[in-house]
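Report on the following structure.
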Protein chains: 2
Amino acid sequence: MELRQLKYFLKAKELLNFTEAASALYISQSTLSQQIKQLEDELQVPLFNRIGKRITLTEAGELFSVYAQQSVNKASDGLQLLKDLNKLETGKIAIGVTYALRHVVTKALILFSSEYPKIQFEIIFGTSQELIQKLNHFQLDVILTFEEIASEAHFKYLELFTSPMALVTSSETSLKNKKTISLEEISTLPLAMPAGGFSTTQFISKAFEKNNLHPNVTIEINDIPTLLELIKTGKWHTILTKTTIEDEKDLYAIPIKGENMTRTAMLISLKEVYEKKAVKAFLKMLVENLK
Amino acid sequence: MELRQLKYFLKAKELLNFTEAASALYISQSTLSQQIKQLEDELQVPLFNRIGKRITLTEAGELFSVYAQQSVNKASDGLQLLKDLNKLETGKIAIGVTYALRHVVTKALILFSSEYPKIQFEIIFGTSQELIQKLNHFQLDVILTFEEIASEAHFKYLELFTSPMALVTSSETSLKNKKTISLEEISTLPLAMPAGGFSTTQFISKAFEKNNLHPNVTIEINDIPTLLELIKTGKWHTILTKTTIEDEKDLYAIPIKGENMTRTAMLISLKEVYEKKAVKAFLKMLVENLK
DNA sequence: TTTCTAAATCGGTTTTGTCGATTGATTATA
DNA sequence: TATAATCAATCGACAAAACCGATTTAGAAA
């Protein structure tokens, strides 16, 4: 049993397809087949069921995969530890962000990179669900998003700040004199909204439902920059957290009246995984930069 | 980085001597040197300091060894899990026992083996310290001993029963009419005692000290069966937990007066290590057999 | 100094991981 | 129903690497 074989096995488990797994591992399908077989021989139990040309995990494979993953993780944690030891001269930080919190990351990123220019970054934008899935697959070190309803036991949470939900309009708006606005008033306006996958959209549509209101949504779109372009024309309005347009000069945000009309930004990471020194330093800088 | 290399590294760390480590691993010293070097190259940091012809761990090696050990453990836990899955048809149980609790293990062993004849056993007798060291090196699954003063965080403890400290004499003794006996009376008798390494001896000599008594110890010996042979001659007495001579017909135990003159037998095992199904079954049978 | 010991290094052998091509068997398609 | 496409297993050949014994290097002991 070698780490190489465990990695092969885990990739095959993930994709449930030897050909694709082999390709993802940059080895031939023949090699993967042989190595899996060799592992099974050593363990004296099949890890995959071969049903025709399809494969599924056996019970043994399912149980074993937990330990295989942990073994692989511990080894890579050890490797990471040594890299960190090297005074942040190396290392990679993978962060997932919901678009609304874009400016929080970019500000910290610029600051951090000037102090530690050798640290690599991978910034992934996506919906909360997408990011959480990636976090669970060890593809991200940390994600920055709004609070989730279901808090999971294997996650660490750190609250950052709260931001009010707001009606977002063009700067040349007739609503400019308003300090706040009600959901009722909003339901009379033409709206362009982020698509259903975005947690903010889910959040706000529940609020409308509760108050028996039917908003006038004429556009749904899954790209926020494009959405903002549309809003700037003045023909539509949208609803976002205020923090989303922090750096947008041509847009104007009017907080929405009512309780629970705020969202909490938080950092989410995995418990019981070695936290990279570079990530720790970056998050520290990020948090301090908020003040 | 492969598990093979991690195992090599850990053995070298343990012995701090490449030649001996290689021999323990049944490989040549040349191979070990090369594999360690290769690992160091990959990690881009030396794991050992080469001070002359002596080696010591570097800080990096010290830190890395924790993860290396965990990685190796997780893999072998996974392997063990699969063996267990095989309905206790295979597997090995390694138990450490202090001699005093010999009969507890032997009784359970006989019972268990008739139900699961294919399970292998390794029974190691030793002092508490020796056994605990072996437990920490993953050479034992569980140990059966009396309570330790310092309870460690990475151990699981399960209390079994208490047994009084007792003066042990030959069955043909003039003391036979006594129901209990005081430390003072004992200090007048000729004693043969287990050697200083045994926790019972440490326990009882502290009790004598507290009461300003000086026992008349004429023999110290580090083998309990031999000690018992001597006691049977009637020329000496000794002090042991009553349970030690449970199966000895030629010996007689008189409980010692005073508070805290009992000891608690317990099972100790490692937390956060996969518990073998066979071990679990054996311990269950052992505990139920006490009732 | 000489002797001894332990790690590093060198060259050669064996093992094993890998590949491409092929086979056999199942699923999808015309 | 026949045909094409797909996927895992297998085979033989090759290259990589793990391994060994012998030798070198150098610190420690006598």
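The residues of segment B:156-214 that are of a type in the set (Phe, Trp, Tyr) and more than 20 Å from the chain's Cα centre (by Cα) amount to a single one, B:PHE208.
Pairs are defined by a Cβ separation below 8 Å, a sequence spacing of at least 6 or placement on different chains, a first member in segment A:40-54 that is polar (S, T, N, Q), and a second member that is in a loop (DSSP other than H, G, I, E, B); the pairs so defined are A:GLN44/B:ASN86; A:ASN49/A:THR58.
Screening B:MET1 against (1) touching an Asp or Glu at 6+ places or on another chain (Cβ under 8 Å); (2) outside any loop (DSSP other than H, G, I, E, B) leaves a single unmet condition, (2). Please go through segment B:44-69 and give me each residue that is more than 16 Å from DNA strand C (Cβ to nearest atom), surrounded by fewer than 18 Cβ atoms within 10 Å (Cβ to Cβ) and more than 8 Å from every other protein chain (Cβ to nearest Cβ), ordered by number. The one that is more than 16 Å from DNA strand C (Cβ to nearest atom), surrounded by fewer than 18 Cβ atoms within 10 Å (Cβ to Cβ) and more than 8 Å from every other protein chain (Cβ to nearest Cβ): B:GLU62.
Scanning segment A:37-50 for residues that are near DNA strand D (Cβ under 8 Å from one of its atoms) and either at pLDDT below 95 or hydroxyl-bearing (Ser, Thr, Tyr) (or both) gives A:PHE48, A:ARG50.
Can you tell me which residues in segment A:97-120 are assigned to a loop (DSSP other than H, G, I, E, B) and surrounded by fewer than 19 Cβ atoms within 10 Å (Cβ to Cβ)? Before the answer, list the steps.
Our first condition is that a residue be assigned to a loop (DSSP other than H, G, I, E, B); within segment A:97-120, this holds for A:98, A:116-119.
Within segment A:97-120, A:TYR116, A:PRO117, A:LYS118 qualify.
The residue list A:VAL104, A:VAL72 contains one member that is in contact (Cβ under 8 Å) with a residue 60 or more places away in the chain and within 16 Å of DNA strand C (Cβ to nearest atom), which is A:VAL72. Among the conditions (1) surrounded by 17 or more Cβ atoms within 10 Å (Cβ to Cβ); (2) in contact with a Ser or Thr (Cβ under 9 Å, 6 or more places away or on another chain), the only one that A:ASP250 does not satisfy is (1).
Here's the yes/no breakdown for (1) surrounded by 13 or more Cβ atoms within 10 Å (Cβ to Cβ); (2) in contact with a helix residue (DSSP H, G or I) (Cβ under 8 Å, 6 or more places away or on another chain); (3) without any contact (Cβ under 8 Å) to a residue 60 or more places away in the chain; (4) within 14 Å of chain A (Cβ to nearest Cβ):
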residue	(1), (2), (3), (4)
B:GLN202	yes, no, yes, no
B:GLU209	no, no, yes, no
B:LEU227	yes, no, yes, no
B:ILE256	yes, yes, no, no
B:GLU259	no, no, yes, no
B:ARG263	yes, yes, no, no
B:VAL273	yes, yes, no, yes
B:LYS277	yes, yes, no, yes
B:ALA281	yes, yes, no, no
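Would you mind stating whether B:ALA22 is within 16 Å of DNA strand D (Cβ to nearest atom), part of a helix (DSSP H, G or I) and away from chain A (no Cβ under 14 Å)? Taking the combined requirement at face value, the residue satisfies it. For A:LEU135, the criteria (1) farther than 26 Å from B:GLN70 by Cα; (2) at pLDDT below 90 hold in every case but one, which is (1). Residues in segment B:179-200 that are buried (at least 18 other Cβ atoms within 10 Å of the Cβ) and hydroxyl-bearing (Ser, Thr, Tyr): B:SER199, B:THR200.
Go through segment A:86-96 residue by residue and tally those that are open to solvent by 40 Å² or more (accessible area, probe 1.4 Å) and either within 21 Å of A:THR145 (Cβ to Cβ) or free of Cβ contacts under 8 Å to residues at least 12 places away in the same chain (or both).
Total meeting the criteria: 3.
Please work out which residue is farthest from DNA strand D (Cβ to nearest atom), limiting yourself to segment B:25-36 and to residues that are surrounded by 14 or more Cβ atoms within 10 Å (Cβ to Cβ) and polar (S, T, N, Q). Ranking the candidates gives B:SER33 first.
In the list B:SER33, B:SER23, which residue meets the criterion of being closer than 24 Å to A:GLN80 by Cα and either within 10 Å of DNA strand C (Cβ to nearest atom) or modelled with pLDDT under 95 (or both)? Explain how you work it out, then say what you get.
Numbers: B:SER23 fails: closer than 24 Å to A:GLN80 by Cα.
Checking each option against the conditions leaves just B:SER33.
Taking the stated definitions as given, is B:ILE110 out of contact with any Cys (no Cβ under 9 Å at 6 or more places or on another chain), in the same structural domain as B:VAL273 (by TED's automatic domain parsing) and over 26 Å from A:GLU2 (Cα atoms)? So B:ILE110 fits the description; yes. Count of segment A:5-19 residues, restricted to those that are in contact (Cβ under 8 Å) with a residue 12 or more places away in the chain and near DNA strand D (Cβ under 9 Å from one of its atoms), is 4.
The values are calculated or read from the model by the stated rules, or taken from the named source; none is laboratory data. Remember, predicted model here, so these are calculated numbers, not experimental data. With ideal geometry, Cβ positions are generated from the backbone for all residues, glycine too; neighbour counts draw on all protein chains shown. In case anyone asks, the SASA skips ligands and DNA or RNA and just uses the protein heavy atoms, side chains included. Shrake-Rupley method; radii C 1.70, N 1.55, O 1.52, S 1.80 Å.
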